[in-house]
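Below is one structure, written out as structure tokens; comments come after it.
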Amino acid sequence: MEISSLTDHKLWLAPLAGYTDNTFRTIAKKCGADVIVSEMVSADGLYYNLENSLHYAYFEEFQRPFGVQLFGSDADMMAKGAEIIAGIKPDFIDINMGCPVKKVINRMAGSALMKDLDLACRITEAVKEVGLKHKLLVTTKFRSGWDLESINYLSFGKALENSGSDALILHPRTRSQMFTGHSNWEHIRLLKESVNIPVVGNGDVKSLEDAQELYNLTYCDSIMIGRGALGKPWIFQEIKDFYLNQETSIDKLKVVLNHYELSLKNSNPNDQLHAIREMRSHFTHYSKGIRGGAQLRDEINHTIDPQEIFNIINKLEFNQ
Ligand SMILES: Cc1cc2nc3c(=O)[nH]c(=O)nc-3n(C[C@H](O)[C@H](O)[C@H](O)COP(=O)(O)O)c2cc1C
């Protein structure tokens, strides 16, 4: 696969640990997302077969082009993880160099790699070698820097390009900012100007207008959307239809019902509670800003009857 099939004006679903499971990825794809990435999977976890790590990477053919996101802090271990991932034949591997959570950075993985350029490059080279062997593209996702005093996304991105990354995904906040404030889209523009590989812009795209602004301001090749797709997976279709100059006609209620049906189908028949809990979490987003949303959230949080949940979802009154 050519990198342009992943980055030529495409809409990516961002990895969101705890949300972008197989069910939500299917829904996002059906709602127009072009490129799908798994939530982060630990290279060590894959190698030692911990907590069923490979489970997070499973995907359905329909979700292609599909990438598995790997995290880790050791080049050899990342190569071993990539080898295991190659066995399930995704289209690409994305390396996580942006995760800010303590559990990850304390292991010198995720955004901690932005403090060690040499290690970040060795990891990229090691994963790229596996990628070349198995015909998998390699992308890297990172932030603007560790903190405001050490903004280094330009030199970092350039170095990753030289280490073999096929495309760069930038979430322009520092690790210290976590998710506060607004992404600094200017960093995406400057990165795009300074490298010769495609740049995927990420951060705070919550509407068609945001997507237009991000494209116009930065000339990024593609856009990745995370939180903006929660409770609103049709955002992908809305953006696509705008650029195709066509009306969007999505039956939003049908999407939510389909989401719940799929959750039940994909869950263990003996553990429907799992699907119900998942739906409750997504329902918080679906019902945001909807008339009577608070009441419906209360109702869904107080039932474990699968049929009753269908009835509650049916009460959502979307403005079409
Ligand atoms: C709940 C949650 C889980 C996330 N999990 C991951 C992850 O597994 N891997 C990753 O690279 N980024 C992860 N992120 C960061 C997002 O992919 C994205 O970079 C960030 O949320 C900014 O984009 P957005 O404003 O479109 O959400 C996560 C963010 C959130 C809020």
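Identify the residue in the range 220-235 that is assigned to a loop (DSSP other than H, G, I, E, B) and more than 10 Å from the ligand (Cβ to nearest atom) and, among all such residues, is nearest to the chain's Cα centre (by Cα).
Pro233
Answer yes or no as to whether Leu214 is within 11 Å of the ligand (Cβ to nearest atom) and assigned to a helix (DSSP H, G or I).
yes
Tell me whether the range 52-62 contains one or more residues that are modelled with pLDDT of 95 or more, more than 12 Å from the ligand (Cβ to nearest atom), crowded, with 24+ Cβ neighbours inside 10 Å and more than 14 Å from the chain's Cα centre (by Cα).
For the range 52-62, residues modelled with pLDDT of 95 or more, more than 12 Å from the ligand (Cβ to nearest atom), crowded, with 24+ Cβ neighbours inside 10 Å and more than 14 Å from the chain's Cα centre (by Cα): absent.
Considering only the range 126-143, state which residues are more than 18 Å from Val200 (Cβ to Cβ) and in contact with a helix residue (DSSP H, G or I) (Cβ under 7 Å, 6 or more places away or on another chain).
Matches in the range 126-143: Ala126, Glu129, Val130, His134.
Is there a residue in the range 44-61 that is on the phi < 0 side of the Ramachandran plot and assigned to a strand (DSSP E or B)?
Checked against the condition, which is being on the phi < 0 side of the Ramachandran plot and assigned to a strand (DSSP E or B), the range 44-61 yields no hits at all.
Take Gln177 and tell me if it is modelled with pLDDT of 95 or more, more than 30 Å from Glu317 (Cα to Cα) and of a type outside the set (Gly, Ala, Ser).
Against the criterion (modelled with pLDDT of 95 or more, more than 30 Å from Glu317 (Cα to Cα) and of a type outside the set (Gly, Ala, Ser)), Gln177 qualifies.
Going residue by residue through the range 12-30, is there one that turns out to be among the aliphatic types (A, V, I, L, M), in the same structural domain as Ala229 (by TED's automatic domain parsing) and touching a Pro at 6+ places or on another chain (Cβ under 8 Å)?
yes
Exactly one of (1) touching a Pro at 6+ places or on another chain (Cβ under 9 Å); (2) within 11 Å of the ligand (Cβ to nearest atom) is unmet by Asn184. Its number?
Every listed condition holds for Asn184 apart from (2).
Consider Asn245 carefully, then state whether it is more than 14 Å from the ligand (Cβ to nearest atom) and within 21 Å of Thr139 (Cβ to Cβ).
Taking the combined requirement at face value, the residue does not satisfy it.
Are there any pairs, at least 6 apart or on different chains, whose C-beta atoms fall under 6 Å, with the first in the range 227-256 and in contact (Cβ under 8 Å) with a residue 24 or more places away in the chain and the second within 13 Å of the ligand (Cβ to nearest atom) and not aliphatic (A, V, I, L, M), and if so, which?
Gly228/Lys206; Leu230/His285; Gly231/His285; Ile235/Gly228
Could you run through the range 88-101 and say how many residues are part of a loop (DSSP other than H, G, I, E, B), under 21 Å from Asn202 (Cβ atoms) and not acidic (Asp, Glu)?
Looking only at that region, the number is 5.
Looking at Glu278, Glu238, which one is of a type in the set (Asp, Glu), within 14 Å of Thr23 (Cα to Cα) and within 21 Å of the chain's Cα centre (by Cα)?
Every option except Glu278 fails the conditions.
Would you check if Leu190 is within 30 Å of Lys30 (Cα to Cα), among the hydrophobic types (A, V, I, L, M, F, W, C) and either exposed (fewer than 15 other Cβ atoms within 10 Å of the Cβ) or more than 20 Å from the chain's Cα centre (by Cα) (or both)?
The answer is no for Leu190.
Answer yes or no: is there a residue in the range 76-84 that is basic (Lys, Arg) and either within 30 Å of Glu193 (Cβ to Cβ) or touching a residue at least 12 places away in the same chain (Cβ under 8 Å) (or both).
There is at least one residue in the range 76-84 that is basic (Lys, Arg) and either within 30 Å of Glu193 (Cβ to Cβ) or touching a residue at least 12 places away in the same chain (Cβ under 8 Å) (or both).
Restricting to the range 199-219, name every residue that is over 17 Å from the mean Cα position of the chain (by Cα), buried (at least 17 other Cβ atoms within 10 Å of the Cβ) and not aliphatic (A, V, I, L, M).
Asp210, Tyr215, Thr218
State all residues of the range 262-275 that are in contact with a helix residue (DSSP H, G or I) (Cβ under 8 Å, 6 or more places away or on another chain) and within 14 Å of Asn22 (Cβ to Cβ); if no residue qualifies, say none.
Within the range 262-275, Leu262, Ser263, Leu264, Asn266, Ser267, Asn268, Ala275 qualify.
Given the structure, is Ile85 part of a strand (DSSP E or B) and either surrounded by fewer than 24 Cβ atoms within 10 Å (Cβ to Cβ) or assigned by TED's automatic domain parsing to the domain that holds Ala167 (or both)?
no
Residues are listed down the side, and each one gets a yes or a no for (1) within 19 Å of Glu39 (Cβ to Cβ); (2) more than 16 Å from the ligand (Cβ to nearest atom):
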| position | (1), (2) |
| --- | --- |
| Ala79 | no, yes |
| Ala86 | yes, yes |
| Asn96 | yes, no |
| Lys102 | yes, no |
| Leu119 | no, yes |
| Thr124 | no, no |
| Gly131 | no, yes |
| Thr140 | yes, no |
| Ser163 | no, yes |
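The values are calculated or read from the model by the stated rules, or taken from the named source; none is laboratory data. Model, not experiment: these values are computed from the prediction. Here Cβ is always computed from backbone atoms with ideal geometry, including for glycine, and neighbour counts include all displayed protein chains.
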